[in-house]
Amino acid sequence: MGYPQRLLSEGERIDLQLRPHWKALVFPVITLILTFGVGGFLVAISPKHGTGAQAAWIAIGVVALALIVLFVARPWITWMNTNYVITNRRLIIRLGWIHRVGRDIPLEKINDVSFRHDSLLDRMLGCGTLVVESAGEHGQVELDDIPHVEETQREVATLISGDPAARLHQD
């Protein structure tokens, strides 16, 4: 799902749309697989008949559901509702689902764009933290787990400089 075109101003076009890197979903997927595996095993070894059988199944289901909601659904919803959009005029940051936070930084207010790989895994996957310094009152913004962080940094720097010939993503 892309950023709604109706929220752009006249003449504004989207250059890049980003979400955090897929590595943010690895732990939730592992948690989901382990929850189903352990839950299935516990149901299989629990008594089939008797006074405690139904209570055991309900307890297993409640714990499994709680684990799935907290460690699978919540991170996935957070990932789906984290958007970084770079247009020809501004950097748009939208975070959250219920508690929604947004920030727009005009490209002409951006002083510096840098990146860093926080670990060897980040370097291998090509993701990292994009650091945007602006002249606004909030100063520096760090965008974590940006995919293709080096290319993204170059693209933002190119947009800031206003050199259309050097752009990565031609229209």
Completion exercise
Share of accessible surface on carbon and sulfur in the chain, whole %, 1.4 Å probe and ligands ignored, is 63
Problem - For Trp57, solvent-accessible area (1.4 Å; no DNA, RNA or ligand), Å² - result: 120
Practice task
Taking 7 Å along the Cα-to-C-beta vector as the label spot, tell me the Val69-Lys23 distance in nanometres, rounded to one decimal.
Solution key: 3.1
Practice task
Determine the gain in length on full extension of the stretch Glu133-Arg116; use 0.36 nm per residue of separation and subtract their C-alpha separation, reporting nm with one decimal.
Solution key: 4.7 nm
Practice task
Select from region 1-69 those trypsin sites (Lys or Arg not before Pro) which occupy a DSSP coil region and have at most 11 other Cβ atoms within 10 Å, ordered by residue number.
Solution key: Arg13, Lys48
Exercise for the section: Let me have the 222 nm mean residue ellipticity of the chain computed from DSSP H runs of 4+ only, each contributing -39500 (n - 2.57), with the sum over all residues rounded to the nearest 500. Expected result: -11500 deg cm²/dmol
Completion exercise
Phi angles of region 96-104, converted by Karplus (6.51 cos²θ - 1.76 cosθ + 1.60, θ = phi - 60°) into ³J(HN,Hα) in whole Hz with x for Gly and Pro, give x, 10, 8, 8, 8, 10, x, 8, 10
Practice task
Give the accessible surface of the chain per residue, rounded to a whole number of Å², with probe radius 1.4 Å and ligands, DNA and RNA excluded.
Solution key: 63
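The values are calculated or read from the model by the stated rules, or taken from the named source; none is laboratory data. All figures in this text were calculated on a predicted structure; none of them were measured in a lab. All Cβ positions, glycine included, derive from the backbone under ideal geometry; neighbour counts span all protein chains shown. Surface areas here come from the heavy atoms of the whole protein model, side chains and all, with no ligands, DNA or RNA. Shrake-Rupley method; radii C 1.70, N 1.55, O 1.52, S 1.80 Å.
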